[in-house]
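Q: Please read through the structure below; I'll follow up with questions.
The values are calculated or read from the model by the stated rules, or taken from the named source; none is laboratory data. As the structure is a computational prediction, the values presented were derived from the model and not from experiment. All Cβ positions, glycine included, derive from the backbone under ideal geometry; neighbour counts span all protein chains shown. Heads up: the accessible areas ignore ligands, DNA and RNA and are worked out on the full protein's heavy atoms, side chains in. Shrake-Rupley method; radii C 1.70, N 1.55, O 1.52, S 1.80 Å.
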Amino acid sequence: MRDFDEPDEDELSVTAPKTWATGAPAVVHALKYALGQTSPKRTALTLLNINQAKGFDCPGCAWPEPAPGERHRNEYCENGAKHISDEATSRRVTADFFRQYSVDELSRKSDYWLNQQGRLTEPMVLREGATHYEPVGWDEALDLLADELHALQHPDEALFYTSGRLANEPAFLLQLFARAFGTNNLPDCSNMCHESSGSALNETLGIGKGSVSLDDIYDADLVFVVGQNPGTNHPRMLTALEETKRRGGHVVAVNPLPEAGLLRFKHPQKARGVIGRGTQIADEFLQIRPGGDLALFQALNLLLLDAEDKEPGTVLDREFIEEHTTGYDAFAEHIRRTSWDDVLEATGLSRDQIERVHERVLESRGVIVCWAMGLTQHKHGVPTIREVVNFLLLRGNIGRPGAGVCPVRGHSNVQGDRTMGIWERMPQPFLDRLGREFSFTAPTAHGLDSVDSIRAMRDGLAKVFVGVAGNFVRATPDSDVTEQALRNCTLTAHISTKLNRSHAVCGRTALILPTLGRSDRDVQAGGEQFMTVEDSMSEVHATRGRLAPASPHLLSEVSIISRLARRVLGSEPDIPWEDFEADYDLVRDRISRVVEGFEDFNERVRRPGGFRLPNPVNSRVFRTPAKKAVFTVNDFTMLQAPKGHLVLQTLRSHDQWNTIPYAMDDRYRGIKGGRRVVLVNKADLTDLGLADGAVVDLVSIWSDGSERRADDFRVVAYPTPPGSAAAYYPETNVLVPLDSVADISNTPTSKSVIVRLERPEERGRA
Ligand SMILES: Nc1nc2c(c(=O)[nH]1)N[C@H]1C(S)=C(S)[C@@H](COP(=O)(O)OP(=O)(O)OC[C@H]3O[C@@H](n4cnc5c(=O)[nH]c(N)nc54)[C@H](O)[C@@H]3O)O[C@H]1N2
Ligand SMILES: Nc1nc2c(c(=O)[nH]1)N[C@H]1C(S)=C(S)[C@@H](COP(=O)(O)OP(=O)(O)OC[C@H]3O[C@@H](n4cnc5c(=O)[nH]c(N)nc54)[C@H](O)[C@@H]3O)O[C@H]1N2
Ligand code: SF4
Ligand SMILES: [Mo]
């Protein structure tokens with residue numbers, strides 16, 4: 001249901017989607033947003049420091065920066081500039097603000113409005129039974145939280161959620177605290193994001209991370225961009241793909257939508273990009289039906305096997321397969337049974353199109369597959385990614401230059417957080433090393449992920465929720481269920497930079513603990529501090545804020561976690577929390593002893609550009625039980641909606657950062673002034689008897705017979721594949737049933753929600 005005010009949408013207008021991305025207008029849009037948030041001076045200071053070796057890491061996506069010597073003076077994109085301006089805003093949320101608005105009123109405000117109020121400035125508490133948040137001192141706030149944690153019957157009744165904005169040092173301390181307290185309940189945003197990638201890659205290659213570097217992307221002969229919209233979500237990836245093409249490589253885009261950046265790209269930092277027609281990025285665009293990727297890669301694998309049969313010894317990398325893999329025979333036998341009729345139906349593509357791409361594969365020595373949410377957020381996300389790995393293994397495209405797997409991560413440090421131990425299922429050797437280093441026994445039972453955390457709160461099994469960064473209530477599925485789950489808690493506490501809905505939909509007692517952002521200077525007893533992050537390509541580097549903090553009352557995340565841990569744990573185990581708070585080098589020393597690949601961390605991270613974590617896959621070392629890369633057998637599946645229904649994907653607009661819309665526009669898709677739109681193919685509209693511009697409710701159906709509804713969406717005729725639709729997240733999260741998750745990874749199926757479109761006058765009649 002739509003239960004809080006959103007900007008007036010009478011202004012909504014729709015024009016044809018754009019066929020190119022970036023260029024001069026992008027720069028103008030970024031500056032406009034920046035100057036709407038803060039002064040020209042602060043804007044200049046922030047923009048000059050983004051992604052520079054001595055500045056701070058862009059708090060946007062996890063796409064890597066080029067090596068320090070190769071960086072542009074403005075090494076950021078339009079959206080990076082918006083993300084940082086949003087944090088560096090001069091607007092402030094003060095105690096007066098909380099006196100003015102009750103929690104109930106705040107819970108009716110839109111995500112946009114809440115974010116626009118600015119930076120949080122002092123700790124606030126909502127006492128049991130109160131209607132308003134009130135100011136509270138840091139000591140009292142942390143005592144209160146510590147008391148609630150002590151009052152639990154078991155540590156597993158507490159949940160510690162993180163979002164990928166969190167840098168390495170606080171992430172390491174958070175998981176240390178949670179485990180010393182006695183629980184592995186460390187749900188994170190990754191559970192809803194690339195968990196399917198981690199599951200598939202761990203099983204097949206022995207490590208849940210991507211294997212390629214930026215140089216590999218430049219040098220590849222063929223790059224697949226699957227289920228990803230880089231023009232909006234990883235804009236500087238287009239610069240890299242432009243370089244791939246300049247060096248003679250090719251790009252295949254696989255997407256249900258003709259996303260602007262995939263088609264044509266104009267480089268904003270080069271004169272030819274600002275004036276010229278730009279570079280055509282995709283040499284082939286496969287407009288696939290949602291969920292058709294498993295079928296596509298099975299078809300490509302079948303074509304490779306057939307080609308090898310015709311000319312034995314010329315297509316497959318037999319040596320690699322024999323020496324480094326296992327499971328080939330069962331895989332090959334299974335793939336040979338693939339039916340073309342099924343493939344064409346599942347993908348909506350023609351055999352010609354798939355064969356053209358196959359020809360390109362044969363012509364290419366180095367092949368990389370990049371992917372994001374279009375693969376991971378499906379029921380069959382894990383098998384689909386396993387099939388992508390099969391595809392790469394067949395021609396030895398793992399462990400050599402210009403080839404490999406590239407899951408493109410979302411949040412700037414989401415990969416680093418996992419490396420630091422933020423995972424409810426951290427492997428036992430890590431837990432052992434952690435326990436040895438700090439003289440305690442880490443709990444071994446797996447903790448709860450995001451979906452299971454919601455279930456636990458719903459069922460009264462978890463009672464205290466601590467969120468470090470992020471916006472749990474809006475990031476998660478089944479909004480009504482999730483909101484009730486959080487309201488069941490005795491206490492919810494959020495360590496945040498900005499106001500969001502998770503502060504308003506809260507437990508009986510609630511805390512807002514405001515913290516420094518990436519761009520803020522962080523001075524502790526031991527002097528000025530920096531932190532570190534790891535990008536999507538395993539490059540670890542320093543990030544150092546440069547601005548005066550948003551308020552004198554802010555504490556860093558490291559301080560908050562250390563002070564809380566001291567209160568909760570006392571001296572048992574003996575962990576020097578006070579020293580950690582004073583000097584982050586001491587945290588890094590411990591990381592270097594616990595986390596693999598971080599030897600001499602303090603020294604190496606001070607080198608310009610930092611260092612790259614080794615990925616054993618690149619030396620063809622596979623840490624699977626068989627010590628080899630694993631071919632897998634994946635049952636063919638097809639995603640189909642019953643008659644009169646559509647497969648709805650929930651996705652990001654150009655003007656939002658995850659749960660936070662910055663504006664009501666989605667420029668590249670031609671949408672302006674509103675977000676309650678649903679993009680539907682013209683032929684489907686005709687079949688459904690609907691016209692472009694009609695207003696409908698989106699009603700999702702689930703196997704238990706239950707229905708969920710999101711009201712009043714404007715229909716936009718759009719070139720989506722027949723039978724499918726698209727609408728923005730988080731407005732549509734209410735439609736995703738909590739139990740609708742990907743097999744194995746437990747990731748909500750945000751890209752395949754079965755819906756029907758209902759006119760408001762039909763409400764309740766179906
Ligand atoms: N500006 C901006 N940048 C961001 C974010 C943001 O919110 N705003 N979020 C960050 C985060 S956390 C993440 S995880 C990434 C997300 O980056 P993306 O994964 O690019 O994000 P989505 O908007 O979810 O888009 C998914 C894409 O997959 C396509 N798709 C959907 N279903 C299928 C399918 O079945 N098959 C195929 N082949 N494609 C499909 C959609 O059409 C769309 O182009 O972006 C990061 N960067
Ligand atoms: N339906 C649907 N649901 C989805 C998705 C989808 O595609 N469709 N995508 C999923 C994905 S991929 C992701 S990653 C999740 C995102 O889920 P989250 O990561 O939980 O959400 P964000 O919107 O990134 O969180 C924004 C909040 O983070 C806080 N914040 C920002 N910077 C900092 C900082 O430096 N420190 C601290 N402490 N706080 C900070 C601010 O208070 C801000 O309001 O959503 C998931 N949910
Ligand atoms: S591509 Fe990503 S990391 Fe780079 S500037 Fe843009 S948002 Fe920031
Ligand atoms: Mo994400």
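Q: State in Å² the accessible area per residue of the range 417-476; use a 1.4 Å probe, count heavy atoms of protein chains only, and round to the nearest integer.
A: Per residue, the range 417-476 has an accessible area of 35 Å².
Q: Give the value in nm², to one decimal: projected area of the alpha carbon convex hull of the range 195-407, averaged over all directions.
A: So the mean shadow area of the Cα hull is 11.2 nm².
Q: Here is a further query. Distance between the C-alpha centers of the range 27-64 and the range 405-420? Whole Å please.
A: If you average the Cα positions of each part, the centres end up 21 Å apart.
Q: Then there is this: To the nearest 0.05, how large is the calculated FRET efficiency for Met638 and Gln484 if R₀ is 41 Å and r is the Cβ-Cβ distance?
A: Step by step, r from the Cβ atoms, then E = 0.75.
Q: Across the chain, where is the longest run that never hits GluC sites (Glu not before Pro) in a DSSP loop with at most 15 other C-beta atoms within 10 Å?
A: Formally, the longest exposed-site-free interval is 129-595.
Q: So for the pair Glu128, Thr624, with labels modelled 7 Å out along Cα→Cβ, what separation do we get in nm?
A: Placing both labels 7 Å along Cα→Cβ, they lie 5.3 nm apart.
Q: Please calculate how many Å² of accessible area the range 623-766 carries per residue, with a 1.4 Å probe and no DNA, RNA or ligand atoms counted.
A: So the range 623-766 comes to 36 Å² accessible per residue, rounded to a whole number.
Q: What is the set of long-range amide H partners of Leu547 at a cut-off below 5 Å, with H atoms built 1.01 Å from backbone N?
A: Asp520, Arg521
Q: Share of the chain's accessible area from carbon and sulfur, percent, 1.4 Å?
A: Carbon-and-sulfur percentage of accessible area, whole number: 49.
Q: Taking a quarter of the surface of the Cα convex hull of the range 425-493, what do you get in nm²?
A: 5.5
Q: How would the range 355-410 be classified by its alpha-carbon gyration tensor: rounded, prolate or oblate, with rounded meaning a/c under 1.5 and the a/b versus b/c comparison settling the rest?
A: prolate
Q: Obtain the nm distance between the two label points defined at Val695 and Lys54 by a simple spin-label model: each point lies 7 Å from its Cα along the Cα-to-C-beta direction.
A: 5.7
Q: Can you give the charge dipole size of the range 122-229 about its Cα centre, rounded to the nearest 20 debye, using +1 on the beta carbon of Lys and Arg and -1 on the beta carbon of Asp and Glu?
A: The calculated dipole for the range 122-229 is roughly 220 debye.
Q: Taking the alpha-carbon centroid of each part, what is the distance from the range 654-707 to the range 566-584 in angstrom?
A: Taking the Cα centre of each part, the range 654-707 and the range 566-584 sit 49 Å apart.
Q: Let me ask something additional. Give, in nm to one decimal, the length gained when the segment between Ala44 and Lys310 is fully stretched (0.36 nm per residue of separation minus the Cα-Cα distance).
A: 89.6 nm
Q: Around Val678, which amide H atoms from residues at least 5 apart in sequence, or from another chain, sit under 5 Å from its own amide H, with H modelled in the peptide plane?
A: For Val678, the qualifying residues are Arg714, Val715, Val716.
Q: Residues of the range 9-87: accessible area per residue at 1.4 Å, in Å²?
A: 43
Q: Assign unit charges at the C-beta atoms only (+1 for Lys and Arg, -1 for Asp and Glu), then state the dipole size of the chain relative to its Cα centre in Debye, rounded to the nearest 20.
A: Roughly 1820 debye for the chain.
Q: What fraction of the DSSP beta bridges in the range 195-407 is antiparallel, stated in percent and rounded to the nearest 5?
A: Here the antiparallel bridges make up roughly 10 percent for the range 195-407.
Q: State which entries of Lys18/Lys682; Lys82/Lys379; Lys32/Lys498; Lys682/Lys751; Lys109/Lys751; Lys379/Lys498 exceed 22 angstrom in Cα-Cα distance in the structure shown.
A: Lys82/Lys379; Lys109/Lys751; Lys379/Lys498
Q: Cβ under 15 Å from Glu345's Cβ, Glu345 left aside: what net charge do those residues give with Lys, Arg +1 and Asp, Glu -1?
A: Result for the neighbourhood of Glu345: -1.
Q: Non-local amide H neighbours of Arg119 (under 5 Å, H modeled in plane, Pro and chain starts lacking H): which ones?
A: When sequence neighbours closer than 5 places are left aside, the close amide H contacts are Arg91, Arg92, Val93.
Q: Which peptide among 399-412, 438-451 comes first, and what is the full order, when sorted by highest mean count of other Cβ atoms within 10 Å?
A: Answer by packing, highest mean first, reads 399-412, 438-451.
Q: While we're here: Looking at the chain, send over the antiparallel percent of its DSSP beta bridges, to the nearest 5.
A: 45
Q: Projecting each Cα onto the charge dipole of the chain (Lys/Arg +1, Asp/Glu -1 at the beta carbon, about the Cα centre), which of Ala307, Ala21, Val558 comes out farthest on the positive side?
A: Ala21
Q: Which of the listed residues, Met531, Thr183, Leu434, is farthest toward the dipole's positive end in the chain, when Lys, Arg count +1 and Asp, Glu count -1 at the beta-carbon?
A: It is Met531, whose Cα lies furthest towards the positive end.
Q: Quick one: 3J(HN,Hα) in Hz for the range 206-216, Karplus 6.51/-1.76/1.60 with θ = phi - 60°, rounded, Gly and Pro as x.
A: Each residue's phi maps through the Karplus curve to give x, 8, x, 10, x, 10, 9, 10, 4, 4, 4 Hz.
Q: Something else: With a ≥ b ≥ c taken as the square roots of the eigenvalues of the C-alpha gyration tensor of the range 646-762, please select rounded if a/c is under 1.5 and otherwise prolate if a/b is larger than b/c or oblate if it is not?
A: Here the range 646-762 falls in the oblate category.
Q: Same structure, new question: Rg/Rh for the range 9-87 to two decimals, with Rh computed the Kirkwood way over all alpha-carbon pairs.
A: Using Cα coordinates only, the ratio equals 1.03.
Q: Determine the sum of side-chain charges near Gly227: Lys and Arg each +1, Asp and Glu each -1, restricted to other residues whose C-beta is under 9 angstrom from that of Gly227.
A: With Lys, Arg at +1 and Asp, Glu at -1, the neighbours total 0.
Q: A further question on this structure: Of Phe320, Phe285, which has the most accessible area and how do the rest follow, probe 1.4 Å?
A: The most accessible residue leads, giving Phe285, Phe320.
Q: Can you compute the FRET efficiency between His150 and Asp432 using 1/(1 + (r/R0)^6), with r the Cβ-Cβ distance and R0 = 30 Å? Round to the nearest 0.05.
A: 0.65
Q: Here is a follow-up. Rounded, prolate or oblate for the range 577-716? Axes are the square roots of the Cα gyration tensor eigenvalues, ordered a ≥ b ≥ c, and the cut-off for rounded is a/c under 1.5.
A: Prolate, because a/c is 1.5 or more and a/b exceeds b/c.
Q: Could you tell me how far the Cα centroid of the range 299-331 sits from the Cα centroid of the range 218-254, in Å?
A: About 26 Å separates the Cα centre of the range 218-254 from the one of the range 299-331.
Q: On to the next question. At 0.36 nm per residue, and after removing the present C-alpha to C-alpha distance, how many nm does the segment from Glu762 to Asp139 gain when stretched out fully?
A: Full extension from Glu762 to Asp139 adds 218.8 nm.
Q: Same structure, new question: Return the sequence-ordered ³J(HN,Hα) values of the range 51-58 in whole Hz as given by the Karplus equation 6.51 cos²θ - 1.76 cosθ + 1.60 applied to θ = phi - 60°, using x for Gly and Pro.
A: 6, 9, 3, 9, x, 10, 6, 4
Q: Measuring from label point to label point, each 7 Å out along Cα→Cβ, what is the Asp96 to Trp113 span in nm?
A: 2.0
Q: Right, here's the next one. Are there cysteines in the chain with no second cysteine's Cβ under 4.7 Å away, and if so, which?
A: Cys58, Cys61, Cys77, Cys189, Cys193, Cys489, Cys506
Q: Taking 8 Å as the Cα distance limit and 6 or more residues as the minimum spacing, I'd like the relative contact order of the chain as a percentage.
A: The normalised contact order for the chain reaches 21 percent.
Q: Sticking with this one: Go through the range 139-151 residue by residue and turn each phi into a ³J(HN,Hα) via Karplus (6.51, -1.76, 1.60, θ = phi - 60°); whole Hz please, and just put x for glycine and proline.
A: These are the phi-based 3J(HN,Hα) values: 4, 5, 4, 6, 4, 4, 5, 4, 4, 5, 5, 5, 6 Hz.
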